[in-house]
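**Q** One structure follows; several queries about it will come next.
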Amino acid sequence: MRLSLLVIALCFFLGCIESSKTIGEYVSWVENPDNGLRVSKESGDLQIIAQYRPVDYIICSESKNKPITQEAIVERRKELSGMEYFQIRLYSANSDPLMYATNDKNVYHMRNNFLMFGQKDYISLLRGTDTIPCQLYHFVNYQGLTPYADILVGFKADTLAETDRELIYDDQIFGFGPLHYTFLSKEIESVPELELN
């Protein structure tokens, strides 16, 4: 009898360890492509990477490895609730991605302007049979300081139904055309709990 209770307690304890992560572990887990929340499409030296961003992941990213209180997390979760968030990263290993396949500064500025003001209309989220337009959009151009530029997007989520999501990024700049990134519901639901010290 005692042995079976010990085995049950041990299984419960090990299960709890596996289901929660510290801030660093949590961020690494979400960013690990093997977990299905980061998907990449590439052509030549250019990659367009889509990252599903759970609310706790955003909070961890904003903390910049500084301690976070439980109260701050609860408040920030309230502020971010009702939306689903993604990051689209334009990555070129050899240069600023806006200079991909060109040396023309006019092309660079045209791409930058389109990504700041026009690309939002070419991004949507398919959840079940519903197509949801991009509601929040922010383009971050690092001005050649990094080999990437980021697009942060958000979609209204009246319900976070257990359905697969398909992020549609219709590239108007690099010739990719519509890119479809699938995020399975089971992978979204398997995101571990954030553990605070």
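The values are calculated or read from the model by the stated rules, or taken from the named source; none is laboratory data. Note that this is a predicted model, so its numbers are computed, not measured. Here the Cβ positions follow ideal geometry from the backbone for every residue, glycine too, while neighbour counts run over all protein chains shown.
**Q** So which residues in region 58-84 are within 12 Å of the chain's Cα centre (by Cα) and in contact (Cβ under 8 Å) with a residue 40 or more places away in the chain?
**A** 84
**Q** I would also like to ask the following. For region 117-126, give me each residue that is surrounded by 14 or more Cβ atoms within 10 Å (Cβ to Cβ) and either over 15 Å from residue 181 (Cβ atoms) or not hydrophobic (A, V, I, L, M, F, W, C) (or both). First the steps, then the outcome.
**A** Just the residues of region 117-126 that are surrounded by 14 or more Cβ atoms within 10 Å (Cβ to Cβ), to begin with: 119-120, 122-126.
The answer is 119, 120, 122, 124.
**Q** Another one. Pick out, from region 34-151, the helices (runs of 4 or more DSSP H) lying fully within it that include 2 or more residues that are among the small types (Gly, Ala, Ser).
**A** Working: elements: 55-63, 70-80, 105-117.
Answer list for region 34-151: 55-63.
One line per residue, one yes/no per condition, for (1) in contact with a helix residue (DSSP H, G or I) (Cβ under 7 Å, 6 or more places away or on another chain); (2) over 26 Å from residue 60 (Cβ atoms); (3) basic (Lys, Arg):
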site	(1), (2), (3)
88	no, no, no
107	no, yes, no
112	yes, yes, no
117	no, yes, no
121	no, yes, no
132	no, no, no
141	yes, no, no
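**Q** While we're on this one: So how many residues does region 59-84 have that are surrounded by 18 or more Cβ atoms within 10 Å (Cβ to Cβ) and within 18 Å of residue 20 (Cβ to Cβ)?
**A** Residues flagged as surrounded by 18 or more Cβ atoms within 10 Å (Cβ to Cβ) and within 18 Å of residue 20 (Cβ to Cβ) within region 59-84 amount to 3.
**Q** Quick check on this structure: which one of 48, 58, 68, 73 is closer than 16 Å to residue 148 by Cα and among the aliphatic types (A, V, I, L, M)?
**A** Of the residues listed, the single one that is closer than 16 Å to residue 148 by Cα and among the aliphatic types (A, V, I, L, M) is 48.
**Q** Kindly provide the set of residues from region 30-57 that are surrounded by fewer than 17 Cβ atoms within 10 Å (Cβ to Cβ) and touching a helix residue (DSSP H, G or I) at 6+ places or on another chain (Cβ under 8 Å), ordered by number.
**A** Residues satisfying the conditions are 35, 36, 40.
**Q** Residues in region 85-109 that are free of Cβ contacts under 8 Å to residues at least 60 places away in the same chain, more than 20 Å from residue 182 (Cβ to Cβ) and buried (at least 18 other Cβ atoms within 10 Å of the Cβ): how many? Please lay out each step first, then the result.
**A** Of all residues in region 85-109, those free of Cβ contacts under 8 Å to residues at least 60 places away in the same chain come to 91-99, 102-109.
Those left that are additionally more than 20 Å from residue 182 (Cβ to Cβ): 92-99, 102-109.
Still in the running and buried (at least 18 other Cβ atoms within 10 Å of the Cβ): 92, 96-98.
Final tally of qualifying residues: 4.
**Q** On to the next question. Here is a list of conditions, (1) buried (at least 17 other Cβ atoms within 10 Å of the Cβ); (2) at pLDDT below 95; (3) not acidic (Asp, Glu), and residue 129 meets all of them except one; can you say which number that is?
**A** Only one criterion is unmet by residue 129, namely (1).
**Q** Within region 128-176, how many residues are closer than 20 Å to residue 187 by Cβ and touching a residue at least 40 places away in the same chain (Cβ under 8 Å)?
**A** Result for region 128-176: 10.
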